[in-house]
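FYI, it's all coordinate maths here, none of it is from the lab. As the structure is a prediction and not an experimental result, all values here were calculated from the model. In this analysis, Cβ positions are derived from the backbone assuming ideal geometry, glycine residues included, and neighbour counts consider all displayed protein chains.
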Amino acid sequence: MSNVNPYDEYLGDQEPLKILSLTARKIEAILEDLGSERVDHPPAPGKWSAREIVCHLADCELVFAFRLRQTLSEDHHVIQPFDQEKWAANYAAYNTREGLTTFHSTRNWNLALIRLVTPEDHAKPVVHPERGTMTFQTIVETMAGHDINHLRQLDAMMWKFAPES
């Protein structure tokens, strides 16, 4: 596992743009299979429910949007980390549909930017105070690995809470 990208192991040699392009639809399919009556059931004590994971993904997509744009527009930019548990304390305010809509819309906005930038832009450095120097491309790869991590969690919930046949 890379210190710069803590989600390296999830991404492996997969193409980040492909992952990023498909995630919202995969989440929607999992939520449909999970059913609205089970989105608020955490898989275990202290774990996030499907709704909370979707809210987290929406929050992270907003953070990634800012990080990508700051990386491109500022030299020597230092990323501001955030405490995901403190942000999650407010997830009761949001429903699953709003979270997914926010995620999907912001993801499409980010994909438009990612597809536009040059190879030089992808190599532009940025500093994360906890992870060190990375590039615009590292952020893109982190986004994709982060998606895979949470898609696996959602998929596991779908199977855990599947009705008996």
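Neighbour counts of C-beta atoms inside 10 Å place Asp59, Asp8 in the sequence Asp8, Asp59, starting with the fewest. Stretching Thr101 away from Val4 to a fully extended chain increases their span by 32.0 nm, per 0.36 nm per residue minus the current alpha-carbon distance.
Considering only Thr96, Thr133, Thr23, the mean-square fluctuation computed in a Gaussian network model of the chain, springs between alpha carbons under 10 angstrom, is largest for Thr133. When shorter helices are ignored and each DSSP H run of at least 4 residues is given -39500 (n - 2.57), the per-residue value for the chain at 222 nm works out to -20000 deg cm²/dmol. Counting only residues at least eight positions apart within a chain, or on another chain, the lysines with an alpha carbon under 23 Å from that of Lys26 are Lys18, Lys47, Lys160. Estimated at 0.36 nm per residue, the fully extended path between Phe161 and Val78 surpasses their Cα-Cα distance by 25.7 nm.
Fully extending the segment from Arg152 to Ala29 would add 43.0 nm, taking 0.36 nm per residue of separation and subtracting the current Cα-Cα distance. Which is the longest run of the chain containing none of the GluC sites (Glu not before Pro) found in DSSP loop states (not H, G, I, E, B) with at most 12 other C-beta atoms within 10 Å? Segment 75-129 is the longest. Put in line by how crowded their Cβ is, counting other Cβ atoms within 10 Å and starting with the fewest, Trp48, Trp159 read Trp159, Trp48. Could you work out the Kirkwood radius for the chain, taking every pair of different alpha carbons, averaging 1/r and inverting it, reported in Å? Taking every pair of different Cα atoms in the chain, averaging 1/r and inverting gives 16.5 Å. Across the chain, the relative contact order, built from alpha-carbon pairs under 8 Å that are at least six residues apart, equals 41 percent.
I'd like the distance separating the alpha-carbon centroids of region 13-73 and region 94-165, in whole Å. Result: 7 Å between the Cα centres.
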